[in-house]
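Working notes, beginning with the structure itself.
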Amino acid sequence: MAKFELKLPKMGESVAEATLTTWLKEVGDTIEMDEAVFEIATDKVDTEVPSEVEGVLVEKLFSIDEVIKVGETVAIISTDEEVGKTEESNVKEIEDTHIHAAVKELEKNIVVTKEAVQSAVLGESTTNRFYSPLVKNIAKQEGVTMVELDAIPGTGKEGRVSKSDILNYVAAKGGVKQSSVVEKEQEKKIVSASIVETKEAQSVSVPVENSNGNEIVEMSRMGKLIAKHMVESVSTSAHVQSFIEVDVTNIVNWRNKMKKAFLEQEGEKLTYTPIFLEAVAKALKKYPLMNISVDGNNVIKKKNINIGMAAALPDGNLIVPVIKNADQLNLVGMAKVVNDLATRARGNALKPDEVQDGTYTVTNVGTFGSVFGTPIINQPQVGILALGAIRKIPSVIETEEGDFIGIRSKMYLSHSYDHRVVNGALGSMFVKAVADYLEAWDVNRDF
């Protein structure tokens, strides 16, 4: 009997774990290739994880709301149609596998051999009841006979005995003597509780009294993940900011002149975002040491220029779809990608690979009226650029005939960078290069 381990796929360079939100299949269900088995969520995206094979789901290794590390096995899928019909096939199925969840910590370095599996057979069931390999293994370790196993009420699908059922039976039967598995479960709970208590002790949170009609609202799941990611970033990088004012009058006038023709010819709205991203891509090409990440004491120079574009969601959270190889796109291509990603981001329709592998991030705080901001770096990148609101302001205009006051469209660029690897000179020269490109915009250019 062939067995397939469905693992949590890599969700992005900076994503090491995800939260299981929904099981879309139950044990015993038939699964088609590419059919979704469960849903997960990270601070970047909610997505379904499909099966890479056809078969039957024989075991679920995590519960809803549990955190899963990238690469961990989440489900076991049998590719044999006869799964669960005979006890002999179940014995062969476990060969060379790891024991799930409760006993995984005890046997994480042990490969279960065929002989060990065969010794786990407890005798013939008088009820033809199906027992998962995990349940049978726990029963063997605790000396539970098949007669006892047949008598345990099951709370699983179709009355099957679950891990909790066998553990509860063993605990009740053993009295003072707890099973090694139960002890391990309790030990894990104690360790988890200690970690939670330690984190709570370290966090400086002031209790909020629910008085005077105050409403206490729990943070959303994505909100919690984003908060955790932001705190970790501040703790990791030495944030420094550089600000520069940019005259974008030429860009404003050119866009106003070209946006109608752009819509008619390309079928896309022409916003300022693709123009700014084009400038950032050119600056990253000029200063490749801004297109890096930090791994311990090593610096990783990125081959591709992949720009993350922070987008606001209807619930107030943010997501960062990534424009791959941004330096290879012309303005039309950039506009099409930007509009597509922004639309699907708001509809929660982004794919996992569309929010990963970013090498630099841009966020438009001017959308909400902010003149400038001090954004937090998206780890493991080393820089993020905030675009401020474009405003008409009186400005000194220098000409050959002298200086005079005129109305110009201006904005601030706010560049946050990691001072561990990016010094003030590089951080300032980079944002100055973005500004120079924008100010030199050719009002006679085509799109």
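Going by average Cβ density within 10 Å per residue, which order do the peptides 46-52, 278-284, 346-352 take, highest to lowest?
Listed from highest to lowest mean packing, they are 278-284, 46-52, 346-352.
Exposure proxy check: 266, 142 ranked by fewest other beta carbons within 10 Å?
Fewest to most other Cβ atoms nearby, the residues stand as 266, 142.
Please give, to one decimal in nm, the separation of the simple spin-label points placed at residue 368 and residue 253, each 7 Å out from Cα toward the Cβ.
It is 3.3 nm.
Which value results when the Cα radius of gyration for region 363-411 is divided by 2.2 N^0.38 Å? Display every interim value, and only then the final one.
On the way: Rg = 15.7 Å, N = 49, 2.2 N^0.38 = 9.7 Å.
Dividing the Cα radius of gyration by 2.2 N^0.38 Å gives 1.62.
Going out from 0 in 5 Å bins, what whole percent of all Cα-Cα distances in region 208-313 drops into each bin?
2, 8, 10, 13, 15, 14, 11, 10, 8, 6, 3, 1
Roughly how many whole Å is it from the C-alpha centroid of region 259-282 to that of region 217-241?
That distance is 31 Å.
Loop only by DSSP, 11 or fewer other Cβ within 10 Å of the Cβ. Give me the GluC sites (Glu not before Pro) in region 343-433 that pass, ordered by residue number.
Answer in residue order: 400, 401.
With the cut-off at 1.5 for a/c, could you classify region 223-439 from its C-alpha gyration tensor as rounded, prolate or oblate? Each step should come with its number before you reach the end.
Numbers: a/c = 1.69, a/b = 1.23, b/c = 1.37.
Verdict is oblate for region 223-439.
From the cross-link list 259/303; 3/60; 301/324; 282/351; 286/324; 10/60, which pairs have alpha carbons spaced over 23 Å apart?
Among 259/303; 3/60; 301/324; 282/351; 286/324; 10/60, the Cα-Cα distance tops 23 Å for 259/303; 282/351.
Taking the beta-carbon count within 10 Å as an exposure proxy, list 397, 216 from fewest neighbours to most. Walk me through the numbers before you get to the answer.
On the way: 397 14, 216 7.
Lowest to highest Cβ neighbour count: 216, 397.
How far apart, in nm, are the 7 Å Cα→Cβ label points at residue 239 and residue 295?
Here the answer is 2.6 nm between the modelled labels.
Along Cα→Cβ, 7 Å out, is where each label goes; now give me the distance between the ones at residue 349 and residue 52 in nm to one decimal.
2.8
Shape of region 263-320 from its Cα gyration tensor (a ≥ b ≥ c, root eigenvalues): rounded if a/c is under 1.5, otherwise prolate when a/b > b/c, or oblate? Spell out each step's value before the answer.
On the way: a/c = 3.61, a/b = 1.54, b/c = 2.34.
Since a/c reaches 1.5 but b/c is at least a/b, the shape of region 263-320 is classed as oblate.
Amide H of residue 38 versus every other amide H placed in the peptide plane: which residues, excluding those fewer than 5 positions away on the same chain, fall under 5 Å?
The answer is 24, 49.
Just to compare against my own numbers: the Cα pair-distance distribution for region 310-409, 5 Å bins, whole % per bin, please.
2, 11, 15, 19, 19, 11, 7, 7, 5, 3, 1, 0
For residue 265 and residue 24, what is the calculated FRET efficiency with R₀ set at 41 Å and r taken between the beta-carbons, to the nearest 0.05?
My answer for the efficiency is 0.45.
Coordinate-derived values only; no laboratory data. All values reported here derive from a predicted model rather than from experimental measurement. Methodologically, a virtual Cβ is constructed for each residue, glycine included, from the backbone with ideal geometry; neighbour enumeration extends over all protein chains shown.
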